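The block underneath contains the structure these notes are about, expressed in structure tokens.
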Amino acid sequence: MGTWLTEAELATRYGAARLLALADRDGDGHADPGVIEAAIGEAESRARSRLLVRYQPADLPAAPEAASAALKRVVAQLAFAFLHELHDVKGQDVYDASDAALAELSDLARGQASLVLASEPPRDVSRSSVLTTKTGEDARFTLAAMEDW
């Protein structure tokens, strides 16, 4: 069983029939043992590696009941993508789920989003979230200044 997401929660999000089709690797009509759990484990590992940039291991939930809906959503999206790894053809929804999950994990690691935990670590404000390479001199509207824009 996953630390943050259960098979039942993944089935609720994506549908039991769809998960069965993805987890039935030998075509016998039954989900192969461990396939869904492996995808959840891989998804949780990916999420944990991104979250440990900002959170201490003890700050992260220790059971599915303690995990926020935001964390469950991210892990479910990644697990859904990992279940499709062996399939040659993937729908756009698979790519969208993976991209959305990774973007949200980046936001969480930077402090742009919250896991809604009891004790959130402080947001890193040591550098601006908008970085530029242009200066005030570059902003003048002259032909020379506008050439490289």
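Sorted ascending by nearby beta carbons within 10 Å, beginning with the fewest, Arg50, Arg25, Arg110 become Arg25, Arg110, Arg50. Counting neighbouring beta carbons within 10 Å and listing from fewest to most, the residues Tyr95, Tyr55 come out as Tyr95, Tyr55. Under the Kirkwood approximation for Rh and a Cα-based Rg, what ratio Rg/Rh is obtained for the stretch 9-110? For the stretch 9-110, the value is 0.99.
Bear in mind that the values in this text are calculations on the coordinates, not laboratory data. What you are looking at is a predicted structure, and each value in this text was computed from that prediction instead of being measured. Neighbour counts are summed over all protein chains in view; Cβ atoms, including those assigned to glycine, are modelled from backbone coordinates with ideal geometry.
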